Amino acid sequence: MTTAAEQLHPPVLEPGDYTKYKIILGGLGVVVPVLVAVLFYFKGIFKIEGAEAHLRWLPALNAGLNSLTAVALVAGFYFIRQKNVLAHRAAMLTAFSLGALFLLSYVAYHSQVPSTRFGGAGTIKLVYFFLLLTHISLAVVTVALVLFTLYFALTGQYTKHRAIARWTFPVWLYVSVTGVIVYFMIAPYYPAA
């Protein structure tokens, strides 16, 4: 059964067999976290001589992309609450695009630049590591959640989309916001350019 909003806003993808989309998005849900882990933990293999000096500005860009993603997510939430499906779709596709740009920038930076150690001590160090660990753990989960949520929206499976979006939205928003907080907490410890 479709609602009036669903009739006004048909799926983006043509109805039919969505097997290829399931394979593509499911593959991305597995490949992206594995690729990030490989590039992060085996960065010496992919090291480009001299790249480090040219990539020092990427953490600030990443924080900006995370901030804009959070704004787009909140806007998308607002628009769907107002039943403005087209504005919701635009905001969420913006959030997805910003997230993809973030991921590319993140991988480029962490595959070339050594990790910066947090220099704080005491309670602030505990807060930092709690935020960092929850941010990283949930970021891995977010990739799959976002891809499934997007898939259900694009294929017009709005009941499933709404059900998973109830989980995706708060987790994705948390990951975006904590990414910015973690950046500001570690930024004083980045080596001078």
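The values are calculated or read from the model by the stated rules, or taken from the named source; none is laboratory data. Given the structure is predicted, the values throughout are model-derived calculations rather than measurements. In this analysis, Cβ positions are derived from the backbone assuming ideal geometry, glycine residues included, and neighbour counts consider all displayed protein chains.
What's the total number of residues in the stretch 150-170 that are β-branched (V, I, T) and either at pLDDT below 95 or assigned to a loop (DSSP other than H, G, I, E, B) (or both)?
Counting residues in the stretch 150-170 that are β-branched (V, I, T) and either at pLDDT below 95 or assigned to a loop (DSSP other than H, G, I, E, B) (or both) gives 2.
Modelled with pLDDT under 95 and in contact with a Leu (Cβ under 7 Å, 6 or more places away or on another chain): does that describe L173?
Here the answer is no, as L173 does not meet what is asked.
With respect to S137, determine if the residue is surrounded by fewer than 17 Cβ atoms within 10 Å (Cβ to Cβ) and of a type in the set (G, A, S).
Here the answer is yes, as S137 does meet what is asked.
With G64, G76, G50 as the choices, which residue is at positive phi and either surrounded by 14 or more Cβ atoms within 10 Å (Cβ to Cβ) or at pLDDT below 95 (or both)?
Checking each option against the conditions leaves just G50.
Looking at the stretch 177-191, which of its residues are at pLDDT below 95 and under 14 Å from L61 (Cα atoms)?
A187 - this is the single residue of the stretch 177-191 that is at pLDDT below 95 and under 14 Å from L61 (Cα atoms).
Out of F130, F118, report the one residue that is hydrophobic (A, V, I, L, M, F, W, C), more than 16 Å from the chain's Cα centre (by Cα), farther than 17 Å from G76 by Cβ and at pLDDT below 95.
It is F118.
Is the stretch 157-168 home to any residue that is within 13 Å of A95 (Cβ to Cβ), aliphatic (A, V, I, L, M) and free of Cβ contacts under 8 Å to residues at least 24 places away in the same chain?
yes
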